[in-house]
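What follows is a single structure, written as structure tokens, with notes after it.
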Amino acid sequence: MRNELLQLFLRRHACHQFLPDRALPREDLEFILEAGRLSPSSFGLEQWKFIVFEQAADKQALQAACFGQAQVGSASVVVVILARLAELHPDSPYVRRLMAREYPQAEALQGALRNYREFHAATDVPTWSAAQCHIAAANMMTAAAGIGVDSCAIGGFIPGELCRVLDIDARISQPVLVLPLGYCAHPAGEKQRLPLTEMLEFR
Ligand SMILES: Cc1cc2nc3c(=O)[nH]c(=O)nc-3n(C[C@H](O)[C@H](O)[C@H](O)COP(=O)(O)O)c2cc1C
């Protein structure tokens with residue numbers, strides 16, 4: 001298992017051009033989305049939303065909003081990961097519903113909501129919410145690699161342009177990552193990473 005997981009992390013790579021005519025089987029897409037759904041999140045608030053695009057015209061519009069990056073238009077499927085913003089307000093029914101799963105007793109729920117209200121007021125919510133989405137994205141990319149599906153995280157997009165293509169209100173939710181999925185048209189390059197010694201400190 002240890003070696004298999006390591007191989008998976010080595011196999012996943014950023015694909016810059018996909019085979020445009022190869023379809024992604026529906027069950028593979030659902031498996032990848034499930035890996036996102038099962039991801040951990042701060043306060044268990046599942047801050048993400050996934051929007052799936054499969055039509056060529058939509059993928060072209062997304063590519064234009066991503067500085068023309070070819071991997072977006074050539075992918076079999078493009079998943080756009082949105083971070084919830086408005087729903088994360090402490091008074092929102094969404095927060096109450098999700099927190100009630102962990103705190104079913106009224107008094108415990110009130111206490112948890114009080115703590116959350118304090119946290120929310122002291123937090124840069126868009127940055128915090130986006131961080132959760134990146135965890136889901138990482139899990140989706142690793143899961144994809146596990147079933148032979150290539151991906152490329154795309155943070156290079158024009159936010160206003162992407163909101164327009166998605167037809168979303170940036171006060172309600174914000175695009176965090178564009179995730180093209182499919183089959184890479186080029187072999188993976190050699191993995192470039194610093195040695196562990198350059199990032200590690202035992203204390
Ligand atoms: C949050 C995030 C945003 C990224 N945005 C882009 C992007 O806009 N375009 C791109 O080609 N690659 C993008 N990448 C991919 C990285 O360039 C790539 O993961 C890195 O160079 C390491 O290569 P590897 O993934 O093949 O190991 C992004 C990666 C992450 C994690």
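Coordinate-derived values only; no laboratory data. These numbers come from a predicted model, not from an experiment. Using ideal geometry, Cβ is built from the backbone for each residue, glycine included, and neighbour counts are taken over all protein chains shown.
A compact table of results
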read-out	value
Unmet requirement for Ala108, which otherwise passes all of (1) surrounded by 14 or more Cβ atoms within 10 Å (Cβ to Cβ); (2) away from the ligand (no atom under 16 Å from the Cβ)	(1)
In region 158-186, residue farthest from the ligand (Cβ to nearest atom) [restricted to those that are touching a residue at least 60 places away in the same chain (Cβ under 8 Å) and charged (D, E, K, R)]	Arg171
Search result, residues across region 71-97 that are polar (S, T, N, Q) and under 30 Å from His13 (Cβ atoms)	Gln71, Ser74, Ser76
Unique match (being surrounded by fewer than 17 Cβ atoms within 10 Å (Cβ to Cβ), without any contact (Cβ under 8 Å) to a residue 24 or more places away in the chain and within 15 Å of the ligand (Cβ to nearest atom)) among Gly189, Gly155	Gly155
Glu34 being surrounded by fewer than 17 Cβ atoms within 10 Å (Cβ to Cβ) and more than 30 Å from Leu113 (Cβ to Cβ)	no
Residues that are in contact (Cβ under 8 Å) with a residue 24 or more places away in the chain and of a type in the set (Lys, Arg), drawn from region 1-32	Arg11, Arg12, Arg22
Scan of region 62-97 for residues that are surrounded by fewer than 18 Cβ atoms within 10 Å (Cβ to Cβ), touching a helix residue (DSSP H, G or I) at 6+ places or on another chain (Cβ under 8 Å) and under 18 Å from Arg164 (Cβ atoms), ordered by number	Ala64
So Ala144, is it within 15 Å of the ligand (Cβ to nearest atom), farther than 16 Å from Lys49 by Cβ, surrounded by 22 or more Cβ atoms within 10 Å (Cβ to Cβ) and touching a residue at least 60 places away in the same chain (Cβ under 8 Å)	yes
Elements of type helices (runs of 4 or more DSSP H) in region 87-196, at least 2 residues being hydroxyl-bearing (Ser, Thr, Tyr)	125-146
Where a residue in region 63-74 is part of a helix (DSSP H, G or I) and its partner, wherever it lies, is among the acidic types (Asp, Glu) and surrounded by fewer than 23 Cβ atoms within 10 Å (Cβ to Cβ), with Cβ under 6 Å and at least six apart	Ala65/Glu161
All positions within region 75-93 that are touching a Phe, Trp or Tyr at 6+ places or on another chain (Cβ under 8 Å) and closer than 21 Å to Ala138 by Cα	Ala75, Ser76, Val77, Val78, Val79, Val80, Ile81, Leu82, Ala83, Arg84
Residue in region 17-28 that is within 16 Å of the ligand (Cβ to nearest atom) and more than 27 Å from Ala122 (Cα to Cα) present	yes
Matching residues in region 1-16 - criterion: being within 16 Å of the ligand (Cβ to nearest atom), out of contact with any strand residue (DSSP E or B) (no Cβ under 6 Å at 6 or more places or on another chain) and assigned to a loop (DSSP other than H, G, I, E, B)	Arg12, His13, His16
